[in-house]
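All remarks here apply to the structure that follows.
The values are calculated or read from the model by the stated rules, or taken from the named source; none is laboratory data. Please read these numbers as outputs of a predicted model, since none were measured by experiment. Cβ placement follows ideal geometry from the backbone for every residue including glycine, while neighbour counts extend to all protein chains displayed.
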C-alpha cells in the first residue's frame, strides 16, 4: 500500500503514513576484526568495511536473503558488547542449523513450544511445522544473541503492511501459532523472549 493509499484508507486527509523500513541494526562488539572474521565464517555477505575518519570504522554484513543488515565497528555505539539481540527468520529451521554447523558455528539444539518458562520447551522441531513454532539460537564472539525462528515460506510477518493489514496478519499468526503458545502470541509477546534464560 502506498502512502497515498494509506492516507485515503485512514479517512484523514491531513495524516500521511510514510513507509519506514528497518534497514540496519548496530551490533556492539569489542574486537572489530574478530567480529568480521566471525560473520564471514557465518556466510553473511560483507557489504562494506570503511574508516572515513580517525576513531570511526564501519563494517556492514547482510544475511543471505535479508533486506536488513547489521553494522558494527568503532565509534558507532555506547552499548556494551554482547547487549544486542536480533531475530533471524528462516524457512527451514533444520537446514539453517545444519548450514551454520557446517560453517563451524556453535549453535543450540532446536526446540519448540512456548518460549517461557524454559521448562515448557520441548526438544526438536514443532510437530505441526507451524510458523514461529521452532527455534534455535547462536551467539557472536561477544555474546550478541541471534534467535533463529522458523517461518514457513509465503507467511508474512504479522506487522508488515498497513496497520489494518498488520492486525489481520497478526490475527492469522495467532490462529496458525502452535496451540501451546497462542496466549503468548495473542498478548503480543515476542516468541523468542528469554531465549537463553
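The table below lists the values:
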| item | result |
| --- | --- |
| Single match in 86, 79 (criterion: within 15 Å of residue 147 (Cα to Cα) and surrounded by fewer than 17 Cβ atoms within 10 Å (Cβ to Cβ)) | 86 |
| Residue selected from the stretch 117-140 under the condition in a loop (DSSP other than H, G, I, E, B) and under 18 Å from the mean Cα position of the chain (by Cα), by the criterion modelled with the highest pLDDT | 140 |
| Residue check, residue 50 closer than 19 Å to residue 143 by Cα, outside any loop (DSSP other than H, G, I, E, B) and either modelled with pLDDT under 95 or more than 16 Å from the chain's Cα centre (by Cα) (or both) | no |
| Condition met for residue 58 (assigned to a strand (DSSP E or B), surrounded by 17 or more Cβ atoms within 10 Å (Cβ to Cβ) and without any contact (Cβ under 8 Å) to a residue 24 or more places away in the chain) | yes |
| Per-region count, the stretch 140-155, residues surrounded by 17 or more Cβ atoms within 10 Å (Cβ to Cβ) and closer than 19 Å to residue 26 by Cβ | 6 |
| Check on residue 153, out of contact with any strand residue (DSSP E or B) (no Cβ under 7 Å at 6 or more places or on another chain) and in contact (Cβ under 8 Å) with a residue 40 or more places away in the chain | yes |
| Residues that are part of a helix (DSSP H, G or I) and either free of Cβ contacts under 8 Å to residues at least 12 places away in the same chain or touching a strand residue (DSSP E or B) at 6+ places or on another chain (Cβ under 6 Å) (or both), drawn from the stretch 11-39 | 32, 33, 35, 36, 37, 39 |
| In the stretch 91-117, the residues that are more than 28 Å from residue 26 (Cα to Cα) and either surrounded by fewer than 21 Cβ atoms within 10 Å (Cβ to Cβ) or out of contact with any strand residue (DSSP E or B) (no Cβ under 7 Å at 6 or more places or on another chain) (or both) | 113, 114, 117 |
